[in-house]
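First comes the structure, then the notes that go with it.
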Amino acid sequence: MINYFEVVVIGLVLCADSFSAAVAMGARPHKFSDSIKFAFSSGGAEALVAFLGAIAGAKVIAQFDYIDHWISFGLLTAVAIHMAYEGYEELSGKHEHEEEKPKEFHSIFKVILVSFATSLDAFAVGVTIGASGKVLTPYIISIGGWAFCSTIVGMSIAKRASDKLGPIFSIIAAIILQSLAVKFLLEGL
C-alpha cells in the first residue's frame, strides 16, 4: 500500500534546496523559458539522482558517504564565489566605462552543475526508498515534480526582487548558495 502523504512530504522536503538555488540563480535577468529550462534541470536531476540512489543501494552510499558533502560544498562554493564577484563588479562600477552588454542568464553548464549539487540529498533518500522495497515510481514523480515547481516559484520571486535590487541581490544570492554549501557540509560531517 502506497502512503501518499509520505510521498508528498518527501518531495516537499527535498525541493527546499531547489527552491533556494532558484532564488539565488534567478538574480540574473531571465526569461520564463530560462525558468522552465532550470526547472527541468532541477526536477530532472532530483528525480534521476533519487532513482540512481534506489538502484545503487546502501552498499554504494556507504562507500561515498564520506565525501558527498564535500562535493556539494565545493560545487556550490565555486558558484557562490562567482556570483558574489559578479555582484561586486556591478556595485563597484568596474563596467561603467565598457560598452554595456545586457546580462544573460547563467550558462547551461552552471544550471546543470547547481541542479546536481543541490540534489545529492535525493540520492540518500532514493537509497532508503529502494532498500525499503517501496514502490519507487510515486516517490520519483513527487521528488522531481516538487523540485520543478519550487524552481519556477523561486525564479519568479528572484525576478521580481532582482529588478529592484540588481547587483545587491547577486551578492545575497551568493550568500544563499554558500549557506546551502555549508549546510550540506555540516550535515555530512
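The values are calculated or read from the model by the stated rules, or taken from the named source; none is laboratory data. Nothing here was measured: the structure is a model prediction, and the numbers come from that model. Cβ: placed from backbone, ideal geometry, glycine included. Neighbour counts: every protein chain shown. Ligands, DNA and RNA are stripped out before the accessible areas are found, and what is left, the full protein with its side chains, is counted by its heavy atoms. Shrake-Rupley method; radii C 1.70, N 1.55, O 1.52, S 1.80 Å.
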- Query: Looking at Phe148, is it assigned to a loop (DSSP other than H, G, I, E, B), open to solvent by less than 60 Å² (accessible area, probe 1.4 Å) and either at pLDDT 75 or above or in contact with a helix residue (DSSP H, G or I) (Cβ under 6 Å, 6 or more places away or on another chain) (or both)?
  - Reply: no
- Item | Selection from region 105-119 of residues that are closer than 19 Å to Lys159 by Cα and touching a helix residue (DSSP H, G or I) at 6+ places or on another chain (Cβ under 7 Å) | Phe105, His106, Lys110, Val111, Val114, Ser115
- Message: Testing Cys15 on (1) open to solvent by less than 30 Å² (accessible area, probe 1.4 Å); (2) not in a helix (DSSP H, G or I), one condition comes back false. Which one is that?
- Response: (2)
- Could you please let me know if Ser20 is open to solvent by 10 Å² or more (accessible area, probe 1.4 Å) and part of a helix (DSSP H, G or I)? yes
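Please work out if Ala58 is within 26 Å of Leu136 (Cα to Cα) and modelled with pLDDT under 75.
Numbers: within 26 Å of Leu136 (Cα to Cα): yes; modelled with pLDDT under 75: yes.
The answer is yes for Ala58.
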- With criteria (1) modelled with pLDDT of 75 or more; (2) open to solvent by less than 20 Å² (accessible area, probe 1.4 Å), Leu180 comes up short on (1)
- Query: Can you tell me which residues in region 26-55 are modelled with pLDDT of 85 or more, surrounded by 19 or more Cβ atoms within 10 Å (Cβ to Cβ) and hydrophobic (A, V, I, L, M, F, W, C)?
  - Reply: Phe38, Ala39, Ala45, Ala47, Leu48, Val49, Ala50, Phe51, Ala54
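Gly126: surrounded by fewer than 22 Cβ atoms within 10 Å (Cβ to Cβ), at pLDDT 80 or above, under 17 Å from Ser42 (Cα atoms) and of a type in the set (Gly, Ala, Ser), yes or no?
Working: surrounded by fewer than 22 Cβ atoms within 10 Å (Cβ to Cβ): no; at pLDDT 80 or above: yes; under 17 Å from Ser42 (Cα atoms): yes; of a type in the set (Gly, Ala, Ser): yes.
No.
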- Message: Any residue that is open to solvent by 30 Å² or more (accessible area, probe 1.4 Å), at pLDDT below 80 and either assigned to a helix (DSSP H, G or I) or in contact with a His (Cβ under 8 Å, 6 or more places away or on another chain) (or both) - is there at least one of those in region 132-144?
- Response: yes
